[in-house]
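Everything below concerns the one structure shown next.
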Amino acid sequence: MHSSLTSSKKESPITKHKSLLHSGFSSPASQWTYDITKSYDWNYEHGPTFTGEFPKRTIKPLKKFLTFKVNSLFGVPAGPLVNSQWIELYAKLGFDILTYKTVRTRSYPAFPMPHMLYVEPVSARNKDQQDYLGRPYIKKHEHLAMTNSFGVPSKDPDVWQEDVAKTLDLIGEGQLLIVSVMGTQTGAKNEDEFIDDYAKCAKLALEAGAKIIEINLSCPNLHGTGVICYDVALVEKICSQVKNAIGNIPLIAKIGYYSDSKLLNDFVKKNHTYLDGIAVINTIRGNVKDVQVKNSVMRQIDSSGICGKLIKPYGLAMVKQLNKMRTEKHLEFAIIGVGGVTSPEDYEEYIRLGANAVQSATGAMMDPYLAYKIYKKETEQKQDYPLIKTLGASNFQTMIGNSSLTDLKKLYLDMLYPQNTSRVKNTLQISPKPFSLKHGERGRVVSHVYLNHRESLLSDPIDRKLLAQLLDQLIKEKILAGKKSKYGVISIASSSSPELTALMLDLFPDTISRAVFLPDHVLNSERGTHTSLYGEIDDSIPWVLIDDVFTSGKTFKNSLENLKKILGNTYKKIQIYGATLVYRNTEDADLFLKNTKQPIHSLVSLNDILEYHWKHLSPSQKKIIRKERVELQ
Ligand SMILES: Cc1cc2nc3c(=O)[nH]c(=O)nc-3n(C[C@H](O)[C@H](O)[C@H](O)COP(=O)(O)O)c2cc1C
């Protein structure tokens, strides 16, 4: 009999959540949905164990993973979700990217018990493989790591196909089901049959209605010497044959940790054309050498897969490497970060390193509220911080790629102007009294609006990235629209543009040829950081002079004049455009355009900002601004 998904009647949802979210888990074992003292089959039949409340979320906006719109970029990888009953629970708990445990083309029994144990690292016998002490109970929470050894059991296809079809009806909107498949080796160790079995299994999953297929490449190889993902030649055959069998359905490869980056490079090089995503990592093998079993029925586990907190550095390292390869080679696969995610901070770490989605197995089994905690943290951050309020800490990269310039403008405006001005300083404050602008204008009173996003936004790595992306989008859409050409960026030294242009060069090497910092204008403090990026301005590409804030246009004009001096006659041959994020003053900008005839494009003007946030102003603030800016009435 399955456990029911009913809720506890003892506490109100809010009390229950508050206590869970604020107290932490004093006894992690008590929260487990999977009973590690019982067999896989028992858990398949009777699990999951859960009697808490289901959290409520307000999802807006949806995020993007591959070609799908999802509520969040978080979920559970192949493993814990052994059937529809498990997936239904985790979907209700707010895990959105859900992978059905690896299935086979035939029924396959689980290994004998134990299937899971807590492990604790101890000094290693040899440097290649870590030793662990295994126990059926947890000793030190900070080591939270497990070993699992199931032998990839599977039901007969008739059973799992029906169950997969059922699962598709149980998950909600904005939730995705990935089906993990693998081939089964025959006694004869026939490679062709093995490869064929992968493709056959993928087709069976497809017939059951799977919208995304994952191939588990972390099973033992045919020679019993390691896992197949390290056998790149074999993997290439599997990937091509599976892709052939499933056509346009997205394909993800789940691989283990590669200590050899050349091998990983080879894997990516040979397989990226077949793959829409790469999920990293599976468990890492370790010697579980001294199992202190209380239950005499348990078998002794020797070398088995380690999962949980301890393997996070390996998962992060793989995501980082894959992201680097993807950027350098302009490849398009998605990266799914897996390994040791037990907190919202772990999730964020993966996202920051380039993961397009993150999944947790051990963490999710131990803490069914993990997805909700991530959601909560993002929502809280949204309230505190203008950028994250709009984007969600994790998904701006995905969103930005698909946003129109109008959307970006809106994001940028949201970023500049928090709902709660009193809590976020240095961003945009509407003051009833006029005051001075600190940057550039030397005490000149310009407006009642004080706009200074530099410190607050540029100090945050996510925000810095966003600003750079906004500029790139602005340049592509407004300046180089329709032209696929590369461009170069020239920074104006007295603003934040050197930082922005340096970042742009890092982030968009496919569209930006070079960043140049005008030598005479580079500030002393910036000179050291950016010397390596100095380059020559030539007429082979269009150039964009960048400013993050266009105040009076004076610095911009000086920079252009300086350019003329540096370039001499070649100046006339070069296409130079100007790009700014904000015009502070439209009249100044008009004057500048008239005087210089320099094509200049801006994302927003001060008027845009005011109009956008007009509704948040008090009547007295409106009155003051109206006086100055009649067009807003
Ligand atoms: C109970 C359990 C069963 C698993 N079964 C599979 C599986 O069938 N296929 C697979 O590709 N990975 C399987 N894994 C590996 C996980 O997907 C994941 O890669 C690994 O546990 C590391 O993530 P974690 O640290 O969040 O647990 C399993 C993991 C656990 C804990």
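Every read-out reported here was derived from the displayed coordinates using simple, explicitly stated rules and does not represent laboratory data. These figures come from a predicted structure and were not determined experimentally. In this analysis, Cβ positions are derived from the backbone assuming ideal geometry, glycine residues included, and neighbour counts consider all displayed protein chains.
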Review point. Simple spin-label model, 7 Å along Cα-to-Cβ: T379 to D506 in nm?
Key: 3.3 nm
Review point. Ordered by residue, what ³J(HN,Hα) values in Hz, to whole numbers, does the stretch 561-571 give under the Karplus form 6.51 cos²θ - 1.76 cosθ + 1.60, where θ = phi - 60° and Gly and Pro are x?
Key: 5, 5, 4, 4, 5, 5, 8, x, 5, 5, 3
Check your understanding: In the structure displayed, which of K373/K409; K166/K203; K63/K203 lie more than 20 Å apart, Cα to Cα?
Key -> K373/K409; K63/K203
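Counting other beta carbons within 10 Å of each residue's own, what order do K409, K597 fall into, fewest first? Numbers along the way, then the final one.
On the way: K409 19, K597 7.
By the 10 Å Cβ count, ascending, the order reads K597, K409.
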Practice item. Collect residues whose amide H, placed 1.01 Å from N in the peptide plane, falls under 5 Å from the amide H of V516; neighbours closer than 5 in sequence don't count. Key: V489, I490, S491
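Of I278, I195, how do they rank once you tally other Cβ atoms within 10 Å and put the fewest first? Spell out each step's value before the answer.
Details: I278 26, I195 19.
With the sparsest Cβ surroundings first, the list reads I195, I278.
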**Study point:** For T99, T327, T342, T67, order by how many other beta-carbon atoms lie within 10 Å, fewest first
**Key:** T67, T327, T342, T99
